[in-house]
Amino acid sequence: MNDVRSPLLLRRGRLPGKPDLYDLLLEGTRIVQVSVTGAASEFSDPYPAGPQIDLDGRVVVPGLINAHCHLDKSLWTAPWQPHTPSRSLAEMITSERQQRASTGVPSADRIEALLRRMSATGTTHVRTHSDVDPSIGVRGVTAVAEAAARVSRLISVEQVAFPQSGLLADTRTRELMAEALRLGATTVGGLDPAGLDDDPVSHLDIVFGLAERFEARVDIHLHDGGSLGLWQCGLIADRTAALGMHGRVAISHAFALGQGSPADRAPVLERMAESGVAVHTCANFNDPVPLLPELDAAGITCALGTDGIRDRWNPYGNGDMLEQAKIFAQRSSLRTDDQIVASLRTATWSAARSLHLPAYGLAPGDAADLVVLDASSEAQAVVEHRPRFLVLKDGIPVAGSGAPSGTVPALVTRSP
C-alpha cells in the first residue's frame with residue numbers, strides 16, 4: 001500500500017557534529033531532504049504543504065536501539081514481586097524456571113506495555129532474547145510476536161531463540177530452537193558454552209549448525225570470565241571465520257573483555273575484529289564491562305542493551321536507552337564530550353551496524369525513525385538525561401511534547 005500522508009517538515013534541528021541548523025523533510029516512511037536552514041534547496045520556501053514542527057535547535061538522532069533485552073521475562077505492570085537473590089547463574093536459572101507459572105511469564109500484555117514504554121522514550125528497534133526450553137516450549141517466542149504485532153507502528157522487534165537452560169542437558173531443546181526459528185526468530189542464541197554446558201565445542205556445533213540451517217545470525221551470552229571467557233571468545237571468532245559468517249555474530253556481555261590485562265585481551269580482540277564478531281554489553285550492576293575505547297581501537301562494533309527489565313533477574317530498569325547510555329558512560333569512566341557521545345553511539349549507529357538495520361541514519365533515503373532530544377548536543381542529552389521532545393517511527397510522531405495535535409496515532413495514546 002502506498003503511503004499518502006502529507007510531508008512532514010522538521011525545522012531548525014541540530015544534527016550531531018554539525019554547527020548549522022538543518023531542516024529535514026519526511027515523506028512517507030523516509031527522509032527525503034536534509035538542508036541547512038535558510039539555504040537554497042530544491043524545496044526552497046515555501047516547502048510542500050503539510051505539518052511543520054520547529055525543533056528550535058534541539059538535537060536530532062536516529063531512533064534509539066536496544067540490542068539486548070529479555071521482553072518475555074518482564075514483570076512490567078505486574079504487582080510488585082520481591083526479588084529473590086541467587087548465588088550462581090545455575091541457581092538463578094532454576095529459580096526463574098520454577099516461578100514462571102506463579103508470575104504469569106510470559107505475558108503478551110506485559111510485553112506490549114513495556115514496548116510502549118520503550119517507544120515513548122525513543123527506542124524504535126529492539127533485539128530480544130526469548131527463552132526456549134522443554135518446560136516453556138516456544139511460548140515466549142509467540143508471546144513476544146503477539147505483542148510486537150500489536151505495536152508494530154511504534155517499534156520493531158527481532159527475536160533471538162535463547163536456550164536459557166542450556167543446549168546439552170535436554171536434547172529436546174535443539175528441536176524447540178529450530179521451531180522458534182521457523183516461527184520467526186532470526187538469531188540463534190547460546191549461553192556459556194563452557195560454564196553452563198561444560199562442552200563448548202558441542203554447544204557451538206549446535207548453535208552454528210542451526211544458524212547455517214536457517215541462514216540465521218548468532219548471539220551468544222558469555223558470562224564466563226577470565227581466561228576461560230577469553231578462550232571462548234576466541235573459539236567463537238574462529239568458528240565465525242571458518243563458516244564465513246563475518247558480521248553476523250555477536251557475543252553478549254563478554255565479561256572477560258573487561259577483565260585481565262590489555263596484553264591478554266589483545267590477541268583475542270584481533271581475532272574477533274578479523275571475523276567481524278560484535279560485542280553487546282549492558283553495563284549493569286558491578287558486572288565487568290568491555291572497554292569501549294579498546295573495542296573501538298580494535299575495530300570491533302559495540303552495541304548497548306538493557307538486559308532484563310523488572311524481572312526475576314533484575315528488579316530495576318525502565319527500558320530507557322538514553323538512561324542506559326548514561327549508565328554505560330559512567331561505568332566506563334567516559335568523561336569528555338566525545339567519549340560520552342561514543343556511549344550514545346552504542347545505542348544508535350553502532351547498534352544499527354551490528355543488527356544490520358537497513359537505511360539507518362540521518363541522510364536522504366534513510367528511514368524516518370528519529371528522536372529529537374531536548375538538548376543542544378548529544379553529550380548534554382546523555383549527562384542530563386534530557387526529555388524526548390519528539391519520537392518518530394516511520395515518519396509518524398508517536399511520542400513527545402513536540403508532536404502536533406492529531407498526528408500521534410490513536411493506538412499510541414493507551415498508557416501501560
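Can you tell which of ARG353, ARG345 is without any contact (Cβ under 8 Å) to a residue 24 or more places away in the chain, among the charged types (D, E, K, R) and within 30 Å of LEU25 (Cα to Cα)? Even if it seems obvious, please write down each step before you answer.
Details: ARG353 fails: without any contact (Cβ under 8 Å) to a residue 24 or more places away in the chain.
Of the residues listed, the single one that is without any contact (Cβ under 8 Å) to a residue 24 or more places away in the chain, among the charged types (D, E, K, R) and within 30 Å of LEU25 (Cα to Cα) is ARG345.
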Report, by residue number, each residue of region 301-321 that is among the hydrophobic types (A, V, I, L, M, F, W, C) and surrounded by fewer than 23 Cβ atoms within 10 Å (Cβ to Cβ). TRP313
Suppose we keep only residues that are part of a loop (DSSP other than H, G, I, E, B) and of a type in the set (Gly, Ala, Ser) within region 351-391. Which one would you say is nearest to LEU295 (Cα to Cα)? GLY361
Going by what's in this entry, would VAL105 be described as crowded, with 19+ Cβ neighbours inside 10 Å, over 21 Å from the mean Cα position of the chain (by Cα) and within 17 Å of GLY317 (Cβ to Cβ)? yes
Please determine whether any residue of region 50-57 is in contact (Cβ under 8 Å) with a residue 40 or more places away in the chain and either assigned to a helix (DSSP H, G or I) or touching a helix residue (DSSP H, G or I) at 6+ places or on another chain (Cβ under 8 Å) (or both). no
Taking GLY137, is it within 24 Å of GLY184 (Cα to Cα) and modelled with pLDDT under 95? no
Would you be able to tell me the number of residues in region 152-179 that are among the hydroxyl-bearing types (Ser, Thr, Tyr), farther than 19 Å from ALA90 by Cα and either buried (at least 19 other Cβ atoms within 10 Å of the Cβ) or outside the structural domain of GLU112 (by TED's automatic domain parsing) (or both)? 1
State all residues of region 336-350 that are in contact with a strand residue (DSSP E or B) (Cβ under 7 Å, 6 or more places away or on another chain) and in a loop (DSSP other than H, G, I, E, B); if no residue qualifies, say none. THR346, ALA347, THR348
Pairs where the first residue, in region 267-291, is not assigned by TED's automatic domain parsing to the domain that holds ARG248 and the second is in a loop (DSSP other than H, G, I, E, B) and of a type in the set (A, V, I, L, M, F, W, C), C-beta under 6 Å, 6+ apart: none
Residue that is surrounded by the most Cβ atoms within 10 Å (Cβ to Cβ) [pool: residues in region 70-92 that are part of a loop (DSSP other than H, G, I, E, B) and in contact with a helix residue (DSSP H, G or I) (Cβ under 7 Å, 6 or more places away or on another chain)]: SER74
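Table: residues versus (1) modelled with pLDDT of 95 or more; (2) closer than 26 Å to TYR360 by Cβ; (3) of a type in the set (Gly, Ala, Ser).
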{"position": "ALA143", "(1), (2), (3)": "yes, no, yes"}
{"position": "ALA169", "(1), (2), (3)": "no, no, yes"}
{"position": "GLY184", "(1), (2), (3)": "yes, yes, yes"}
{"position": "ASP198", "(1), (2), (3)": "yes, no, no"}
From the set of residues in region 241-300 that are farther than 26 Å from ASP338 by Cβ and of a type in the set (D, E, K, R), which is surrounded by the fewest Cβ atoms within 10 Å (Cβ to Cβ)? ASP264
Which listed residue is surrounded by fewer than 16 Cβ atoms within 10 Å (Cβ to Cβ), more than 26 Å from ARG139 (Cβ to Cβ) and either at pLDDT 95 or above or touching a strand residue (DSSP E or B) at 6+ places or on another chain (Cβ under 6 Å) (or both), from VAL4, VAL60, VAL36: VAL36
Give me the pairs, please: first residue somewhere in region 380-403 and more than 21 Å from GLY17 (Cβ to Cβ) and assigned by TED's automatic domain parsing to the domain that holds ARG331, second residue anywhere and modelled with pLDDT under 95 and of a type in the set (A, V, I, L, M, F, W, C), beta-carbon distance under 8 Å, and either six or more positions apart or on two chains. none
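Looking at this structure, is ALA303 in a helix (DSSP H, G or I) and in the same structural domain as THR336 (by TED's automatic domain parsing)? Please lay out each step first, then the result.
On the way: in a helix (DSSP H, G or I): no; in the same structural domain as THR336 (by TED's automatic domain parsing): yes.
So ALA303 fails the test.
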Report, by residue number, each residue of region 150-174 that is more than 18 Å from the chain's Cα centre (by Cα) and farther than 16 Å from ASP197 by Cβ. ARG150
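The values are calculated or read from the model by the stated rules, or taken from the named source; none is laboratory data. Please read all numbers here as calculations on a predicted model, not as lab measurements. Note that we place each Cβ from the backbone using ideal geometry, even for glycine, and neighbour counts take in every protein chain shown.
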